[in-house]
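I have placed the structure first, in the form of structure tokens, so that the comments after it can refer back to it.
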Amino acid sequence: MIGRQLVPLLIEAGAEVRVAALDDPSLSDSRTEYRRGDLTDRSFCDEIVAGQDMVFHLAGIKGAAGLSARKPASFFVPLILMNTQMMAAAHTAGVERYLYTSSIAVYEPKAVFVEDEAWDGPPHPSDLFPSWAKRMGELQAEAYKIEHGWDKIAIVRPANVYGPGDDFSPNGMVIPSLIRRVVEGESPLVVWGDGSTVRDFIFSRDVARGMMLAIEKAADCTPMNLGSGDGVAIRDLVAALRNILDDPPEVVWDTDKPTGEPIRLMDLTRAREKIGFQPQTSLEEGVKETFEWYLENGGGADTRFSAFDR
């Protein structure tokens, strides 16, 4: 999802891009080199980082609320292996700069997440396994800095990212899930909670821009939030989606279902001051672009690799 936005930006900047993924080569064209493989395999990691000046490690596992409680190993084990193998391979190969994608999930429950407060307490129990896997990747970067002096590692913690190429399967997060269900004709549209839950949503292209700024200006092992900085209530998200529909369905709020923490927002002070980061895509614009992408590609959107099918 983020990679399909990052690759064109890198090419525009003059980079020679090698893409590694488990999905079909949808990011590949005549200007890129595509290699399909598994990043939990150290030999494949060694192969793809060879000769590279920079590595953007975006691979991860996303899932809907509650999924990590039912399938903790499907989150934890591949994340630990991918993160550890990729960074180790990059260090061995002498890669100059590396970007590690952490997560909003590393934070303990709070209304506003500030980078230096991430280790004040344990992460939320609902994110326990993926969040600790992401935390270990951050520690790995710090370990290389201390022992080997490799300090050209950018660590970014994206908020709730959405966009074209998202996971629209039943395991998907709230935005792709709502889009899929609307397109499939669910009416009334049943949404968990009462709509008051507030989240920080950021469009994938804005994250890609932030990543490029981070690896250029903030590759120093200091974690950095990438979010919108603005809270969006779920009721406003649903309204934004309904506004782009010709015949929007009725909405039913299921208040018996869990909704997680009432408010989860990113503090963007560090990103604004250090790299001049400012999101450019409004929620309305991002949802509309994501919706239109799904209309065109929905038939193939669920064929992407899923860690939960293993």
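The values are calculated or read from the model by the stated rules, or taken from the named source; none is laboratory data. Because the structure is a prediction, the values reported are computed rather than measured. We place every Cβ from the backbone using ideal geometry, glycine too, and count neighbours over all the protein chains shown.
Things worth noting here:
- The condition (being within 23 Å of V55 (Cβ to Cβ), assigned to a loop (DSSP other than H, G, I, E, B) and out of contact with any Gly (no Cβ under 9 Å at 6 or more places or on another chain)) is satisfied by just one residue among W119, W150: W150.
- Complete set of residues in segment 192-227 that are surrounded by fewer than 23 Cβ atoms within 10 Å (Cβ to Cβ) and of a type in the set (S, T, N, Q): S196, T197, T222
- Selection status of D230, farther than 30 Å from A154 by Cα, modelled with pLDDT under 95 and either not in a helix (DSSP H, G or I) or not polar (S, T, N, Q) (or both): no
Residue by residue, here is whether (1) closer than 17 Å to K134 by Cα; (2) of a type outside the set (A, V, I, L, M); (3) modelled with pLDDT under 95 holds:
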residue	(1), (2), (3)
A21	no, no, yes
S43	no, yes, no
I48	no, no, no
G63	yes, yes, yes
F76	yes, yes, yes
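- Extreme residue, farthest from the chain's Cα centre (by Cα), among residues of segment 131-147 that are small (G, A, S) and surrounded by 17 or more Cβ atoms within 10 Å (Cβ to Cβ): A141
- Residue list for segment 155-206, filter: touching a Lys or Arg at 6+ places or on another chain (Cβ under 9 Å), part of a loop (DSSP other than H, G, I, E, B), of a type in the set (S, T, Y) and at pLDDT 90 or above: S196, T197
- Among residues that are under 20 Å from Q52 (Cα atoms) and not β-branched (V, I, T), M87 is included.
- Just so you know, in segment 1-55 the residues that are of a type in the set (D, E) and touching a residue at least 40 places away in the same chain (Cβ under 8 Å) include one that is nearest to G94 (Cα to Cα), and it is D53.
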